[in-house]
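Below: one structure, written as structure tokens.
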Amino acid sequence: STISYLNTYSTAFPSDISTIAKINQYKDLHANRYAIQSIKVGIFYDNKETAYSSRIIETVLADPLSSGNEIWFEQIVTRDREANNIFKYSDQVSVSQNSCYSIPSPILSGQYRPKTSSPTAVLNNIEIHEVNDLEQIDVEKYHFIITVTNDLSKTINASDSSNRKKLLTVIDNSEWTPSSTESTAVSFGQSKDFHSHAIKIDSNVAFQGIKLLLQNGAKAGGEYFDAARKSNIYELNKSLGYFSRSEVLQSILLDEIRTDISNAHVSQQHIEHIKESLKNEIAAFGNSVHGELQYVFKPATTSFFRKKLSWWKLYIKNDNVEYDLKDYFGKNFMNRSVEEYNYARGNIAAKIHQDYTKNITNIESNPILVLKSQVMDKVVSEIQPFVYKIIGSAFVYYQLPISIISFLSWQYFDFSANSAVALFSLGWIVGFNQVSKNWEAFTNKWLINVFEQIRVCVSRECIDNGLSKELNEEAEQEIALSSLRKEILTGLQNRDN
């Protein structure tokens, strides 16, 4: 059934918020299709000039032939034109503080509104929302929207979301206007292009007729009906009644849902083409990362060790060698590649799923950041003990013994002071030489290991087990979703409401 296909789509494509909103609205209309429902209609103005000059609200809601209508009609005429006003049917007149008017206007009631279709058709209640402040409304709550303009040649300034809901454009000005009566047939029921309807009215002509009738009573009846006919307000009232019918709204929504699904459908061939393109981008990412490693990170890190951590500075820094290294890696560990990996992952989602909002920020999903953390937490910690070891060994095995020998030689074996000092200096020089040699050998080996870990991380974790694997999985998933989307679309195209 149509509902089962729609339920399947909602479950399979939860991120398609716009289409799912239409599906939920369709399901609600369908479930209550035999009952009178409340249809929310948004009235949007093209500009402030139109909002103040148009009398569309007054002429649509007016019921000048009924007794006691003057009170609530005057409240509508003097309403706040800056606020968002709501008009709903009620036998008892009331106006709430949030500009909600409950009034006995026949156009709002499915029970009292004249039938222009089958006598057995269920006519829904209408709730009209006059929108003057776009920031304060949720467009999705409306079943459909009417845009009012005083010049069709102007660009309608409504938002994209309101344009999606628009079923009618009303041109309201004093230029030529076609006539209509209550018995005129509905002129727009045959069109399948539900978003192309435009009705020309002159609400001020109708408004003047209403005022004449209220002021002069029955003797102004002729002028009132003539004004209503010339203003084409009957056509607008019939359009409100027509588009507020459940079966009409269901048909429109189902057509929009089909269009949305069709527009979102991507063929398997297109997905494969995108996949091949992304493979090239992954290869380019690999080249870029290896370039940063070879020409940026390696030279900079080698230079850092040579200038900032040369052997003689170990005696000055001593306990701070590890902290200096962690600070350096924290600021300089393949930063460009970290960003490029995140971008590459996001690009896969964007191009495969057409989801340009996905933002990859999970640190655990970035192998370069994981390696950076491992290097800083484990590998760097190897260095400080080694510094203590080589400085201590040089002192214990060379500098201290030879210093003692030089002293004893001077004190007990008639070595001259110069000879003793020379022997003392030799001991310290040999010790320093051992520190220098061991430090250089260790750091060269240590850096080679770090650089190799980065190279392996890029090839294995970033590309083979990362981007390439993710691309294959995402492409397979999208192909399956594409097949399901096509199946749903075919099922919906073979069904009516």
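Here are the numbers for the structure shown:
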read-out	value
Condition met for Lys48 (more than 30 Å from Ala480 (Cα to Cα), assigned by TED's automatic domain parsing to the domain that holds Gln136 and in contact with a Phe, Trp or Tyr (Cβ under 6 Å, 6 or more places away or on another chain))	no
Selected residue [at negative phi, surrounded by 19 or more Cβ atoms within 10 Å (Cβ to Cβ) and among the β-branched types (Val, Ile, Thr)] from Ile43, Ile36	Ile43
The one condition in (1) surrounded by fewer than 18 Cβ atoms within 10 Å (Cβ to Cβ); (2) part of a loop (DSSP other than H, G, I, E, B) that Lys27 fails to fulfil	(2)
Total residues in the stretch 438-455, condition free of Cβ contacts under 8 Å to residues at least 40 places away in the same chain and surrounded by 13 or more Cβ atoms within 10 Å (Cβ to Cβ)	0
Sole exception among (1) closer than 19 Å to Tyr45 by Cα; (2) at pLDDT 80 or above for Asn163, by number	(2)
Answer from Ile76, Ile86 - the residue that is surrounded by 14 or more Cβ atoms within 10 Å (Cβ to Cβ) and assigned to a helix (DSSP H, G or I)	Ile76
Check on Lys22, at pLDDT 95 or above and under 30 Å from Asp260 (Cβ atoms)	no
Qualifying residue in the stretch 3-13 (condition: in a loop (DSSP other than H, G, I, E, B) and either touching a helix residue (DSSP H, G or I) at 6+ places or on another chain (Cβ under 8 Å) or on the phi > 0 side of the Ramachandran plot (or both))	yes
Residue within the stretch 256-264 that is crowded, with 21+ Cβ neighbours inside 10 Å, hydrophobic (A, V, I, L, M, F, W, C) and over 39 Å from the mean Cα position of the chain (by Cα) present	no
Number of the condition not met by Thr357 [criteria: (1) at pLDDT 70 or above; (2) not in a helix (DSSP H, G or I)]	(1)
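The values are calculated or read from the model by the stated rules, or taken from the named source; none is laboratory data. Because the structure is predicted, anything quoted here is derived from the model rather than measured. With ideal geometry, Cβ positions are generated from the backbone for all residues, glycine too; neighbour counts draw on all protein chains shown.
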